[in-house]
Amino acid sequence: MERRSFIKTALSAAGAAALGSTGLNAATTRQPVDNRKISEVAFPEKRPMITYSDRPPLLESTRDVFAYPITPNDQFFVRWHMPDIPTRIDPETYTIHINGLVEKELHITLDQLKNDFEQVEVTAVLQCGGNSRSAFQPVAGGIQWGNGAMGCAKWKGVRLSDLLDKAGLKKEAAWIGFNGQDNAAYYKTPNFVRELHLDELDDHVIVAYEMNGEDLPYLNGYPIRLVIPGYYSDSWVKMLSNITVTDKYKSLFFMDVAYRVPDNECECETPEKRAKKTKPITKMNVKSVIGYPTQDSIVTHNSHLVVRGVAFDSGQGIREVLISLDEGKTWDQAILDDGSAGRYAFRTFRYSFKPTKYGKMKIMSKAINKLGEEQPFAKDIQWNHGGYKYNGIDEVMVEVV
Amino acid sequence: MKITNRIKKLLLAAAVIAVPLSAKVNEDVAVPYVAFPIKMGKGFDVVQAQCLTCHSFGYMINQGPQSRTFWKEKVEKMIVHFKADMITEKDAEIITDYFFEQYGNGKLK
């Protein structure tokens, strides 16, 4: 069939761009698209990944990386908004500017950042608010990510509060705007500037220059990015160059229109009746993803199978991860790691058993956090137009032979 | 849905350039061009002229086959929110038709 073969070529040639759901109308959420092909093309410092676009670069990690507590830099997902990213950065002269309502404007070089301030580290999950968006029906606007628009890394840098203290906030100071070096291709297009209220910033927010012991990869925001543990990544500004303190919130497209969910109890709406009031996505909800086995793998009958995966939330901490082998009728506890990577990190889990039945077998994982919040079944997650915050119980289908 | 459209691949740009990993310091980082398969059809010349300034083709078709309204609203979003004010009403119409014909789901709404 011509169409089928087109889709196949498209996948192998370019990654996932052309694959989408066809016009299913039933508005039930399902499992995100899994097992997309990786591209043949590798981006700088990355292995070949699932590739949605080259301009701006959009790369997704494959499921197998979620069998491990740390996501390797060369497999870490990439999401830029603007296509015009500086291709040459001189670490000798790169400077972050802190200005606006401060006592003293600061211009801090990388060298000063690394030497003049207390150095801190935090292991934290970075997840796009639209991760797993392909689960939503009808199709929600935005990149149709599978589960791989997330990763966990050990970030090193300087507390944002230390920088702001050094600059000295004036008393009217209320909002902080963050701007990176990426630019729109057309001068009238709004840039990707983020604003956070001072109340949202705590000592865990850092200005990071290192990821897993190395310089930040170029595509993950070299040389400096903001790290906001527990929050979705929309405000983790990359190639951070400007921190501006203001008293008033500036109206910005990427703040007012993008990355928002309905401001109601279920954070849900329907395509016909969109919510009038919206709110920013901010904190991450509880989620788990199975890293091994991956979708459609073959496992051996009666062998010793160890299911592995990761769980996280906004920093409340994971209480337990449960595994089901019978469509969610019964659940059994997985073993969690010791949690020493901290409350913002991936908490890994493992679950051993022997598959005793031949044929297809579904493995499901569900995380519950310390507040007792747990992942719902995919089908019970209600729609929002941006396809944000999907956190359905994860599923992997394998074949026992 | 019509699936017999002639399908062609168009190379948007030259072949991939290999990049040294330590490119940050002294050399330009080269982000490769990826050749996304593009379906040829009426109006593609306008799409090429108006829709590829700010992002690649892959970025636009990632959401899969969609209704005519969907495509119409996307084009409007580009003009209203992202200030693609060089797109005339007539071009917007041609572009909407192109996407609906090539990447449509057959539904008007």
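A short reminder: the numbers here are calculations on the coordinates, not readings from a lab. What you see is a predicted model; the values in this text were computed from it and never measured. Heads up, the Cβs are rebuilt from the backbone with ideal geometry, glycines too, and the neighbour counts pull from every protein chain shown.
Details
- Residues whose amide H comes within less than 5 Å of that of residue A:320, counting only those at least five positions distant or on another chain, are A:368 (H built at 1.01 Å from N in the peptide plane).
- Spread of Cα-to-Cα distances over 10 Å intervals beginning at zero, given as percent, for the protein assembly as shown: 4, 18, 29, 28, 16, 5, 0, 0
- In the protein assembly as shown, helical runs assigned H by DSSP with n ≥ 4 each contribute -39500 (n - 2.57); averaged across all residues and rounded to the nearest 500, the mean residue ellipticity at 222 nm is -4000 deg cm²/dmol.
- Ranked by how many other Cβ atoms sit within 10 Å of their own Cβ, fewest first, the residues A:145, A:236 fall in the order A:236, A:145.
- Taking other C-beta atoms within 10 angstrom as a stand-in for reagent exposure, A:113, A:325 fall in the order A:325, A:113, fewest first.
- Cysteines of the protein assembly as shown lacking any other cysteine Cβ under 4.7 Å from their own Cβ: A:128, A:152, B:51, B:54.
- Each residue of the range A:45-54 was assigned a 3J(HN,Hα) from its phi angle through the Karplus curve 6.51 cos²θ - 1.76 cosθ + 1.60 (θ = phi - 60°); the sequence is 6, 10, 7, x, 10, 5, 10, 9, 6, 9 Hz, with glycine and proline shown as x.
- Under-5 Å amide H pairs with residue A:53, H placed in peptide plane, nonlocal only: A:58
- Partner aspartates and glutamates for residue A:171 [C-alpha distance under 13 Å; skip if fewer than 8 residues away on the same chain]: A:103, A:247
- Exceeding the 23 Å Cα-Cα cut-off - candidates A:170/A:238; A:46/A:287; A:154/A:379; A:283/A:362; A:283/A:329; A:170/A:248: A:170/A:238; A:46/A:287; A:154/A:379; A:283/A:362; A:283/A:329
- Residue of A:307, A:125, A:299 that the Gaussian network model of chain A assigns the largest fluctuation, springs spanning Cα pairs under 10 Å: A:299
- Cut-off under 5 Å, modelled amide H: who pairs with residue B:66 long-range: B:104, B:105
- Taking B:86, A:239, A:150 and counting other C-beta atoms within 10 Å, the order from fewest to most: B:86, A:239, A:150
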